[in-house]
């Protein structure tokens, strides 16, 4: 492994190195849960699920059993693969039925409504429990129940809430109107404070049932009945039969090569194609470390902008609609021809889905072990606590992923029964060489592909160490066409971008995503974590 140029090192943290195993994620106790499983003889897949389950408890603002889960991985045997545990719309959730129900609640015309972001209608089937179980059973070395033990312990014995998570938890005070939700996640009607110890006893009981009886209890047993009842009691269409039919998938990843590094992503219905298209356009534009900073940023932003519009218009469930091969290099050449010295204001493709949340909360974790396994695992409900519904006394907050559907029947991502919505979640892998692999990702709604492109460019084009690559200021192309930048971005660069026609706005750090990365370079394990989160890298 090459030695980084220390003149480039400006991070308040350093890259972490470890000989046996390493976990990077957004909450220290969850990272410790993963390393505990590694020390107990588990591999990176066991540790990934243990970390994800722990995050379900210690960062409940962003993930949970009521959401979906995805992974990209490279096994010790050299296989590259993906896991997609993503639920679909209920059988009764037609455009007409949902439009009529929403219109009745709002006392308005059904033709004027959009897909709601809270309540029963954006609740899709949760994929998390069967995704966790399938990952451990197919690739792990330990029993599923043993992998869940750290999460159960945190839920039943309690843990102190960290700073960023306490801030995010405040939204629950107004989001949660149902008694089940308020009893499960609020303390005397308020969010827990920084450092306050909380116990999520109902959630702990549900996790224990999953450990004892397997994931089927969420899809066919008493938890399934509680989920279906919660949705139906609030006017939705989800049934136990919908839940029972769910199974995770193991699709083939999609990939491209960017300046000599192969990048792997999830195919549709996930937005991984946006990353690949943006990287192909950036390569065609000649983005590299030799450019002056304003030109470098401008070209990278324009590549992201074009790919963002394409992906958010076309990507949906490919079993229902054809999705163009946006990762095709010839298409990138065509798109790159539109880029000039001034910012594009018309990219000639439809805008992203109306109604879907641009800023969302997610958890991402990355793990590597000394056997050669590397795993990027992502788990989310979409917007924070999701729909605002908690299933009975289970402590399980239900996702609002269906908010990404359109109620316009002419849109590629329109609502249909059994259809998976456009999905923001994209774990990723990078192959730097035959024995040099990284698992990475950048959580946070529509920021995910944009963040990934910038992190990869920081490593590949700028030659930065892992932690410095995550620390570097980011930009974000917004749905309204503005360009958000961090306050730490050099003022000269921001001014130059504005002069090129970018509508530059300074926004706070929490809208620029949450990255995690681990790397196995010939047996040397390293990792870095997001400075904008409460996270840590734990190794041993």
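Numbers at a glance
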{"item": "Size descriptor, Kirkwood hydrodynamic radius, that averages inverse alpha-carbon separations across the range 1-121, Å", "result": "18.7"}
{"item": "Cα-based Kirkwood hydrodynamic radius, the range 102-192, one decimal, Å", "result": "17.0"}
{"item": "Mean separation of Cα contacts under 8 Å, 6 or more apart, over the residue count of the chain: relative contact order %", "result": "26"}
{"item": "The range 376-523, relative contact order [Cα under 8 Å, separation at least 6], %", "result": "20"}
{"item": "Over the chain: helical MRE at 222 nm, DSSP H runs n ≥ 4 each giving -39500 (n - 2.57), nearest 500", "result": "-10500 deg cm²/dmol"}
{"item": "Under the Debye formula (equal points on every Cα, no solvent term), log10 I(q)/I(0) of the chain at q = 0.06, 0.08, 0.10 Å⁻¹", "result": "-0.25, -0.46, -0.74"}
{"item": "Gyration tensor verdict on the range 480-540 (Cα atoms; rounded if a/c is under 1.5, prolate if a/b is larger than b/c, oblate otherwise)", "result": "prolate"}
{"item": "By average C-beta atoms within 10 angstrom, highest first, the peptides 124-136, 90-102", "result": "124-136, 90-102"}
{"item": "Segments 189-196, 206-213, 454-461 sorted - mean Cβ within 10 Å per residue, highest first", "result": "454-461, 206-213, 189-196"}
{"item": "Mean separation of Cα contacts under 8 Å, 6 or more apart, over the residue count of the range 69-196: relative contact order %", "result": "18"}
{"item": "Burial ranking of peptide ranges 234-245, 167-178 (average Cβ count within 10 Å, highest at the top)", "result": "234-245, 167-178"}
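Any read-out appearing in this document is the output of simple, stated calculations on the displayed coordinates, not a laboratory observation. Remember, it's a predicted structure, so these values are computed and weren't measured experimentally. Quick reminder, even Gly has a Cβ in these numbers, built from the backbone with ideal geometry, and neighbours come from all protein chains shown.
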